[in-house]
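One structure is given here, and the rest of the page talks about it.
The values are calculated or read from the model by the stated rules, or taken from the named source; none is laboratory data. Since the model is a prediction, treat every value here as computed from it, not as a measurement. Quick reminder, even Gly has a Cβ in these numbers, built from the backbone with ideal geometry, and neighbours come from all protein chains shown.
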Amino acid sequence: MNKNSLIYVAGHTGLVGSAILRRLKARGYKNLITKIHRELDLTEKKKVEGFFTKERPEYVFLAAARVGGIHANSTYPAEFIYENLMIQTNVIDLSYKYGVKKLLFLGSSCIYPKMSPQPMREEYILSGYIEPTNEPFAVAKISGIKMCEAYNRQYGTNFISIIPANVYGINDHFDEEGHVVAGMIRRFHEAKTNGYDTVTIWGTGRPKREFLYADDLADACIFLMDKYDRNEIINVGTGCSTSIAELSEVVKETVGFKGKIRYDTTRPDGNLERLLDTSKITALGWRPEMPLKKGLRITYEWYKKHIRH
């Protein structure tokens, strides 16, 4: 990409898409194309084709997706698989048909098998059963990855797929459909504001996750758009895992909640551990910069300023 390239950021209002847009602007990219949902519904192919016919983007960051935590995945499995399949199928296919030079597709670490060895290497995909609590979403994301690989093989496109760790940061959904960090921040803040003495966390607190700040992920996306051209997925993470119990304590401290934490063991834990092997991207010269505690402070300050309570 160069500073005058026509770049389409699909999903620019979301957690990752907004971070990619911020980082592109900060680096001096000027010809950035964005559309909000009411302007362009990516599940409708005719409308998406009309967009590609008119705009003719050269590069595409495909960050648009229906996302959420365990609760959202369990409640809306049909919507998660349908919407994600439609979005990515339309954008990937039309990127090929309208001559996009390069596309970056955002996968998810939940695509790896439930019992995958840790840390998870890229070749472990499809080597075992997926965690049931997020299976529809994971199947959709695997389909997107395989679609990119198939188009590369058959049509000679340059469509790359990355697998990020659990992402958090500003501009997330701080509700029941949000990611684990966003949901946790909201619960602790509401408990503090309303004078509650206990915050309940789903599961046992033992599962370990890898938390990646959204702006670090955005930097990795831009880095890989410039540096990575192989027809193989590539992990993006921090290389460090944190248990949900440890995360709860850090969020509690960040928010300033003085009460107790209760773990609801009747609720599912999901995978007991999910840590990415990041040796491939590290060998290319990229590393994350944001420490977890600092990232949580920034996210909480943004939440207090932008979310109605």
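Brief remarks on what is shown
- Scope region 17-47; condition surrounded by 14 or more Cβ atoms within 10 Å (Cβ to Cβ), within 22 Å of the chain's Cα centre (by Cα) and assigned to a helix (DSSP H, G or I); matching residues: 17, 18, 19, 20, 21, 22, 23, 24
The rows are residues; the columns are (1) under 24 Å from residue 262 (Cα atoms); (2) of a type in the set (Phe, Trp, Tyr); (3) over 12 Å from the mean Cα position of the chain (by Cα); (4) surrounded by fewer than 22 Cβ atoms within 10 Å (Cβ to Cβ).
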{"site": "169", "(1), (2), (3), (4)": "no, no, no, no"}
{"site": "181", "(1), (2), (3), (4)": "yes, no, yes, no"}
{"site": "191", "(1), (2), (3), (4)": "yes, no, yes, yes"}
{"site": "197", "(1), (2), (3), (4)": "yes, no, yes, yes"}
{"site": "204", "(1), (2), (3), (4)": "yes, no, yes, yes"}
{"site": "220", "(1), (2), (3), (4)": "no, no, yes, no"}
{"site": "228", "(1), (2), (3), (4)": "no, yes, yes, yes"}
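- Residue match in region 64-71 (condition: surrounded by fewer than 18 Cβ atoms within 10 Å (Cβ to Cβ) and in contact (Cβ under 8 Å) with a residue 60 or more places away in the chain): yes
- Residues located in region 140-174, provided they are polar (S, T, N, Q), within 14 Å of residue 105 (Cα to Cα) and touching a Lys or Arg at 6+ places or on another chain (Cβ under 8 Å): 158
- Single unsatisfied condition, residue 142 versus (1) farther than 21 Å from residue 93 by Cβ; (2) modelled with pLDDT of 95 or more; (3) under 18 Å from the mean Cα position of the chain (by Cα): (1)
- The set of residues from region 106-147 being under 25 Å from residue 86 (Cα atoms), assigned to a loop (DSSP other than H, G, I, E, B) and in contact (Cβ under 8 Å) with a residue 24 or more places away in the chain comprises 107, 108, 112, 125, 131.
- Scanning region 30-63 for residues that are among the polar types (S, T, N, Q) and either free of Cβ contacts under 8 Å to residues at least 40 places away in the same chain or under 24 Å from residue 166 (Cα atoms) (or both) returns 31, 34.
- Residues of region 48-88 satisfying the condition of being of a type in the set (Phe, Trp, Tyr), within 30 Å of residue 4 (Cβ to Cβ) and not in a helix (DSSP H, G or I): 59, 61
- Filter result (in contact (Cβ under 8 Å) with a residue 24 or more places away in the chain, farther than 18 Å from residue 80 by Cα and part of a helix (DSSP H, G or I)) within region 148-181: 148, 149, 151, 152, 153, 155, 181
- For region 3-16, a residue qualifies if it is assigned to a loop (DSSP other than H, G, I, E, B) and surrounded by 13 or more Cβ atoms within 10 Å (Cβ to Cβ), and the qualifying residues are 5, 6, 11, 12, 13, 14.
- Matching residues, region 95-105, being free of Cβ contacts under 8 Å to residues at least 60 places away in the same chain and in a helix (DSSP H, G or I): 97
- Pair list, Cβ under 7 Å, 6 or more apart: region 192-220 residue on the phi > 0 side of the Ramachandran plot, other residue assigned to a helix (DSSP H, G or I) and surrounded by fewer than 22 Cβ atoms within 10 Å (Cβ to Cβ): 203/244; 205/244; 205/245; 205/248
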